[in-house]
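Reviewing the structure listed below.
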Amino acid sequence: MRHPRLAAALLLFVALPLAAAAGGKTTAAAPAAPPAPPNATAAMVKGGCKAFAALIAASPDAASTYASAAGGGMTVFCPSDDAVAAFAPRYKNLTADGKASLLLFHAVPVYYSPGGLKSNNGVMNTLATDGAARNYNFTVQNEGNVVTIKTGASGAVARVKSTLLDADPVAVYVVDKVVEPVELFKPAPSPTPAPAPAPAADAPKAGKGAAARHRTAPVVAADAPGPDADDAPPADQEKDSEKNAAAAGATCSRWFAAALAAVAVASALA
C-alpha cells in the first residue's frame with residue numbers, strides 16, 4: 001500500500017463510531033407511575049367525619065370498595081360526628097351486610113366538583129347500587145346554594161354543610177344527617193289526601209225568587225164584630241128576668257095540678 005498511514009486512519013475513523021454504537025446501548029426509561037388518588041378516609045378523619053371513617057375501617061367490604069373506587073372517580077357524603085353519634089343505636093341493630101350497604105350508600109362512583117354537584121338534580125346511583133336491581137339510590141336536589149339528599153325512607157333530609165376535599169378524582173362533602181336507604185329502613189308514610197271540597201249550593205233561580213218576592217200574602221177575613229158591650233142588658237136585669245120566669249113556671253104547674261084534681265073528683269061522682 002502506497003499510503004499506509006492514510007489507510008490506518010480511515011480504518012480508525014470507521015471503527016470508532018461502530019464500537020461506540022455497540023458499547024453504548026441504553027434502555028428506554030419506564031413510564032412514571034400515576035399518582036395515587038387522594039385518601040378519602042384520611043380526609044374524613046381530619047375534617048370532622050372521624051366517626052364515619054372509623055365505621056368504614058371496621059367494615060372490610062366497605063373499606064376495600066372505597067379504596068378501589070377512588071381511582072375511577074368518587075364523591076363521598078360523610079355524616080358529621082354528631083350525626084353518627086345520634087344514629088349509633090340504629091346502626092348497631094343492622095347486620096354486617098346492612099352496615100356495609102349503609103356505608104357504601106354514602107358514596108357515588110362519579111367525581112362531582114362543588115360546581116358540578118350544584119348543577120345536578122335527580123337520582124344518583126351509589127357504591128351500594130346493584131345495577132340490575134337499581135336499588136340503593138338517592139335523589140339530589142338543589143335550591144339556590146343548598147344541596148339536599150333525599151330518599152324514600154322516613155329519616156330526615158340530609159343537607160350538605162361544607163366541602164371537605166375537592167381533588168379530582170375524589171370529592172368529600174360533609175352532611176348533617178345519616179342518609180337512610182329505603183332498603184334498610186321503613187319508607188315514609190304517604191301523605192293523607194285532603195278531603196274533597198263540599199259541592200257549592202245551587203243559586204236560586206231568578207223566576208222562582210222573583211215570584212217569591214212578589215207573592216201576595218193571603219188575606220184572612222176578620223171575624224164579625226160581636227154586640228157592643230153597651231147593647232148587653234145589665235147583670236141585675238138578667239137575674240130578675242130569670243126569677244120571674246121561674247115564678248111563672250111554678251104558678252102554671254100549680255094550676256095544672258088543681259085542674260087534674262078537679263077532673264079526678266068529677267069522675268068519681270059520676
Subject >> Per residue accessible area of segment 42-125, 1.4 Å probe, in Å² >> reply: 46
Original post:
³J(HN,Hα) across segment 165-178 via Karplus (A = 6.51, B = -1.76, C = 1.60, θ = phi - 60°), whole Hz, x for Gly/Pro?
Top reply: 8, 9, 9, 3, x, 10, 10, 10, 10, 8, 10, 8, 9, 6
**OP:** Could you tell me the accessible area of K92 in Å² (1.4 Å probe, neighbours in place), rounded to the nearest ten?
**Re:** 150
Original post:
Got a number for the accessible area of Y111? Probe 1.4 Å, square angstrom, nearest 10.
Top reply: 60
**OP:** In nm, give the distance between the simple-model label positions of D130 and D61, each being 7 Å from the Cα along the Cα-to-Cβ direction.
**Re:** 1.1
Original post:
How many nm separate the modelled label positions at R159 and D82, each set 7 Å beyond the Cα in the direction of the Cβ?
Top reply: 1.2
Original post:
Based on the Cα atoms of segment 55-117, what semi-axes does the equivalent ellipsoid have, where each is the square root of 5 times one gyration tensor eigenvalue, given in whole Å with the largest first?
Top reply: 22, 15, 8
Original post:
Based on the Cβ-Cβ distance from N93 to A36, what FRET efficiency comes out when R0 is 35 Å, to the nearest 0.05?
Top reply: 0.45
Original post:
Per the 1.4 Å probe, what fraction of the accessible area of segment 27-163, in percent, lies on carbon and sulfur atoms?
Top reply: 54
Original post:
Where the centre of each part is set by its Cα atoms, how far does segment 97-139 sit from segment 36-87, in angstrom?
Top reply: 14
Original post:
How many nm is it between the label spots at A188 and A167, if each spot is 7 Å from the Cα in line with the beta carbon?
Top reply: 3.6
Subject >> A158 long-range amide H proximity, modeled H, under 5 Å >> reply: I149
Subject >> Calculated Rg and Dmax of segment 101-145 using C-alpha coordinates, Å >> reply: 11.2, 34
**OP:** State the three equivalent ellipsoid semi-axes of segment 21-149, derived from the C-alpha gyration tensor as the square roots of 5 times its eigenvalues, in descending order and whole Å.
**Re:** 35, 20, 16
Subject >> Gain in span if fully extended, V110 to T139, counting 0.36 nm per residue against the direct Cα distance >> reply: 9.0 nm
**OP:** Would you kindly state how much longer the chain becomes between K150 and N120 on full extension, computed as 0.36 nm times their sequence separation minus their alpha carbon distance, in nm to one decimal?
**Re:** 9.4 nm
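The values are calculated or read from the model by the stated rules, or taken from the named source; none is laboratory data. Quantities reported herein were computed from a predicted structural model and do not represent experimental measurements. All Cβ positions, even for glycine, are placed from backbone atoms using ideal geometry, and neighbour counts span all protein chains on display. To get the accessible areas, we keep the full protein, side chains included, count just its heavy atoms, and leave off ligands, DNA and RNA. Shrake-Rupley method; radii C 1.70, N 1.55, O 1.52, S 1.80 Å.
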